[in-house]
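For reference, the structure is listed below as structure tokens.
The values are calculated or read from the model by the stated rules, or taken from the named source; none is laboratory data. Treat the numbers as computed from the prediction; the structure is a model and nothing was measured. Positions of Cβ are generated from backbone atoms using ideal geometry, with glycine treated the same way; all protein chains shown enter the neighbour counts. Keep in mind that these areas ignore ligands, DNA and RNA; they rest on the heavy atoms of the full protein, side chains included. Shrake-Rupley method; radii C 1.70, N 1.55, O 1.52, S 1.80 Å.
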Amino acid sequence: MPPILEVQNLVKKFGDLTAVKEISFDIKEGEIFSLLGPNGAGKTTTISMLSTLFIPTSGDALVCGHSVTREPMQVKRSIGVVPQEIALYEDLTALENLRFWGQMYGLSGKSLNQRVDEVLELIGLRDKARQRIKTYSGGMKRRVNIGVGLLHQPRLLFMDEPTVGIDPQSRRAILDSVKELNHHGMSVLYTTHYMEEAQELSDRVGIIDHGELIALGTQTELTRQVGETDTLILHIGENEDPQHLADELSKLKGVMKAEPTDHEIALVTSSAEELIAPVVTRADQLGIKVQTIDIREPNLEAVFLHLTGRALRD
Amino acid sequence: MAMRKLLLIALKDLRLIFRDRSALILMLAAPFILTIGMGAVTGRFSGRTSSGISEIPVTIVNQDNGQLGNALVEMFTSADLADLVEPVVLSDLDAAKILVDEDKSAAVIFIPEGFSTSIIPDPVTGRISDQIEIEFYSNPVRPTSTGILKTILDQFINQVEIARISGEVTVSQLLENGLINPSQAAAVGAAVGQEMSDVSIARSSITTNNITDSGEAVEFDILSYMAPGMALMFLMFTVAYGGRSLIVENRQSTLPRMLVSPTSSTLILGGKVFGIFLTAVAQLLILIGGTSLLFRLYWGDLLGMIVLVLAAAIGATGWGVLLAAVLKSPGQVATVGSAVMLIFGLLGGGFFDLSNLPKWVQFFSRITPNAWGLDGFSTLALGGTLKNILTPVAVLTGMGIVLFAISALWITRHGLSRK
Ligand SMILES: Nc1ncnc2c1ncn2[C@@H]1O[C@H](COP(=O)(O)OP(=O)(O)OP(=O)(O)O)[C@@H](O)[C@H]1O
Ligand SMILES: [Mg+2]
């Protein structure tokens, strides 16, 4: 079976800035694929090209076999899009919004009513459907924003950071419904800068940074790239200087990388257990108290750190 | 399918503006309240109607010297019209035209030689000469005045025509019986169509006088002038608001969302433009309906009024779309839109006399939809019908089309989304 999405050397330049640099990847039918990357990595720009909103500077992509540059209308018919920004009419109710967007996707009559009803059920807003969007909480708006993308039951759904800035409960509900939709056969391209989301949802992940796809594969494949490394997370007191400790610890034998963040230091190593004692000793010598130590198995965060030398979140 | 989506987008916008309380205030409440204010100031509500326009200078050149030509001159110089027009009778057409060029006269009415005999059969031979028409030279700087004059003239010609076509009475009989007489010709709004005249005379804010009661002049209700002036001024607010919504939709990502739905950008733009147009029409009709009911204001011939509302909405929509195409932020459109509304309103709204201002100001007033719209509305209020307002209707429609074409080119070059 041909892939539902084939991205071929996509490039997008904004003047001097190259926001997306020769990206290529596929999504198989029925797959959830995550694009993981920090702010400004080029995730939205990529989705915008794939949904025909931006014209690529070069390269192309095939959605269900249709070229985004040459057959935009066929592409638009096969995809659902959940934009990063909430794209709704605040002065219309959720019901009116869903009905409007459903009709923009060619639904009408009975099938429109039925789909609007099903989507309201799915996003759990049936009771509040007749309230204006502007009276909704951020999480409720997000859910309607997602609902609009589902109305016409697209084969391929683009979701651009759909959980940004919402409470944990709403996020949980959203992640669960993405899995549910995928279970019913919808393929999903999901962008996020939360490692945990990519880890939980995706069959395969592409890591994007500064417009480049720097890693691509299943989670196992990606973490294997990092090698047999673990990450030690040291939590230190509020008044301590993580930078100083990190600098010192990086000199220890067996430490491959020491990355300080707020009250935390991430140590990349191939032998976590053996390193605990020397680390604690060295910290003691410097007069810094280590409160707790966690060992993390290799994860996507570590992959990103390994590949870029930076933490995913800044 | 395409048409359905176009309408879907337009109706969505119409619904949105009617949910925006502050927009409604400017769209409907403000023109209404200002009209009331104007009415109070000018004494409309104290029972005494005052005329907004008076002493319109008109030059009549009568080379006909037949019965009809004389009757027409008589009508314009009659006491009935004394307050409204200030006629000068000349014999030289060129001299008369110079008066118009120098803005000393609002129009020249030229009755060519043989006008009467082209209508009234020769008493001896019974023959009628080739048709000869009265010529009307209007002063472009005084649209409203010329509109009024044209209406009075049309009134006269209408009666002659009716008599001739009906064939029941000959025109000479008509003259002998005094059926064509000045006061009746001046009974604007009451001429064509017997069934209509009864209703409209009763309701009309334009006082009409019949033969027996000829003490008063034709009065032109000041509100018939102020109400359209206000409506047209705030029409510019509505179209600027509509134009602004295009940029707002881009900002709030609903425009990009429409663009990624299976809908062409042309259709989306079309829907947005149609939405502005619908809102403009709705606003004008509500204002016209409201003032008719509350102030018993007579807006004139229904068909003419509807066609003029559509044309004014088209012309104004063109400006709204242009603002949206050229400007970049909602704030800019709001600011520039308000400025345009005021400038257009002042220059084209007929709130004061422009004849003492520089020529370029007078010219500028002619590019406003306000001036042309007002032109048409006053003609209608004075009893004109669709055929008397064809010029403003054509200009307004043309204005809308030209402005829309410019905007479309601009948008094509710069993209509908992501400016
Ligand atoms: N329309 C545009 N014009 C100019 N530059 C742009 C435009 N859109 C995006 N960029 C730039 O392209 C780069 C990639 O932006 P993009 O929005 O794709 O990142 P992102 O991965 O979606 O980030 P975030 O997680 O913050 O949403 C950024 O440097 C951004 O400033
Ligand atoms: Mg983004």
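Under a 1.4 Å probe, what is the accessible area of the protein assembly as shown per residue, stated in Å²?
Values: 31880 Å² over 733 residues.
Counting only protein heavy atoms, the per-residue value for the protein assembly as shown is 43 Å².
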Checklist entry - To the nearest 20 debye, what is the magnitude of the charge dipole of region A:192-293 about its Cα centre, counting +1 on the Cβ of each Lys and Arg and -1 on the Cβ of each Asp and Glu? => result 380 debye
Next on the checklist: Please report the net charge: other residues with Cβ closer than 13 Å to the Cβ of B:Ile268, K and R +1, D and E -1.
Outcome noted: +3
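Based on the Cα atoms of region A:5-223, what semi-axes does the equivalent ellipsoid have, where each is the square root of 5 times one gyration tensor eigenvalue, given in whole Å with the largest first?
Details: eigenvalues 159, 75, 53 Å².
Over the Cα atoms of region A:5-223, the ellipsoid semi-axes are 28, 19, 16 Å.
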Checklist entry - For chain A, modelled as a GNM with alpha-carbon contacts under 10 angstrom, which of A:Gly80, A:Gly287, A:Gly30 fluctuates the most? => result A:Gly287
Checklist entry - Name the residues of region B:262-308 whose accessible area, probed at 1.4 Å, falls by at least 10 Å² once all protein chains are in place instead of their chain on its own? => result B:Pro262, B:Thr263, B:Ser264
Checklist outcome for this item: The FRET efficiency for A:His235 and A:Asp91, from their Cβ-Cβ distance with R0 = 56 Å and rounded to 0.05, is 0.75
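Taking every DSSP beta bridge that has both residues in region A:5-223, what percent is antiparallel when rounded to the nearest 5? Could you put the intermediate results ahead of the total?
Details: 21 of 39 bridges.
Among the beta bridges of region A:5-223, antiparallel pairing accounts for roughly 55 percent.
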Item to check | Shape parameters for the protein assembly as shown, alpha-carbon atoms, Rg then Dmax in Å | outcome: 37.4, 136
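Counting protein heavy atoms only and a 1.4 angstrom probe, how many square angstrom of accessible surface do chains A and B bury in total, to the nearest 100?
Working: alone 15110 and 19180 Å², together 31880 Å².
By this definition, chains A and B bury close to 2400 Å².
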Checklist entry - Among A:Tyr190, A:Ile133, A:Gly147, which residue has its Cα positioned farthest towards the positive end of the charge dipole of region A:5-223, with +1 placed on the Cβ of Lys and Arg, -1 on the Cβ of Asp and Glu, and the dipole taken about the Cα centre? => result A:Ile133
Next on the checklist: Rg/Rh for region A:228-297 to two decimals, with Rh computed the Kirkwood way over all alpha-carbon pairs.
Outcome noted: 0.91
Checklist entry - Applying 1/(1 + (r/R0)^6) with R0 = 22 Å to the Cβ-Cβ distance of A:Lys13 and A:Gln225, what FRET efficiency is obtained, to the nearest 0.05? => result 0.15
Checklist entry - How far is the Cα center of region A:50-71 from the Cα center of region A:157-189, in Å? => result 24 Å
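Once the Cα gyration tensor of region B:304-412 is diagonalised, what are the square roots of 5 times its eigenvalues, in whole Å and ordered largest first, as equivalent ellipsoid semi-axes?
Details: eigenvalues 123, 66, 25 Å².
Semi-axes (√(5λ), whole Å): 25, 18, 11.
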Checklist entry - Taking +1 at the Cβ of each Lys and Arg and -1 at the Cβ of each Asp and Glu, which of B:Pro31, B:Trp360, A:Ile207 sits farthest along the dipole of the protein assembly as shown towards its positive end, judged by Cα position relative to the Cα centre? => result A:Ile207
Checklist outcome for this item: Of the residues B:Pro256, B:Gly337, B:Leu293, the Cα lying farthest along the dipole of region B:252-392 towards its positive end, which is defined by charges on the beta carbon of Lys, Arg, Asp and Glu, belongs to B:Pro256
Checklist entry - At a 1.4 Å probe, what is the % contribution of carbon and sulfur to the accessible area of region A:86-189? => result 46 percent
Next on the checklist: Can you compute the helix-only [θ] at 222 nm over the protein assembly as shown? Use -39500 (n - 2.57) per DSSP H run of at least 4 residues, normalise by all residues, nearest 500 deg cm²/dmol.
Outcome noted: -16000 deg cm²/dmol
Checklist entry - Given springs between every Cα pair under 10 Å in a Gaussian network model of chain A, which of A:Gln219, A:Gln114, A:Gln285 has the largest fluctuation? => result A:Gln285
Checklist entry - Counting only DSSP beta bridges with both residues in the protein assembly as shown, what percent are antiparallel, rounded to the nearest 5? => result 60 percent
Item to check | Pairwise centroid distance, computed over Cα atoms, of region A:117-134 with region B:243-292, Å | outcome: 25 Å
Checklist entry - For chain A, modelled as a Gaussian network with Cα springs under 10 Å, which listed residue fluctuates most, A:Thr46, A:Thr192, A:Thr231? => result A:Thr231
Checklist entry - To the nearest 20 debye, what charge dipole does the protein assembly as shown have about its Cα centre, counting +1 at the Cβ of each Lys and Arg and -1 at the Cβ of each Asp and Glu? => result 1120 debye
Item to check | Minimum 40 Å² accessible area buried by the other protein chains, region A:54-102 residues, probe 1.4 Å, relative to alone | outcome: A:Met73, A:Lys76, A:Ala87, A:Tyr89, A:Asp91, A:Leu92, A:Glu96, A:Phe100, A:Trp101
Checklist entry - How high is the FRET efficiency from B:Lys387 to B:Arg251, r the C-beta distance, R0 41 Å, rounded to 0.05? => result 0.35
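Take the solvent-accessible surface of the protein heavy atoms, probe 1.4 Å, and return the percent of it on region A:228-297 that carbon and sulfur atoms account for.
On the way: 1820 of 4000 Å².
Answer for region A:228-297: carbon and sulfur cover 45 percent of the accessible area.
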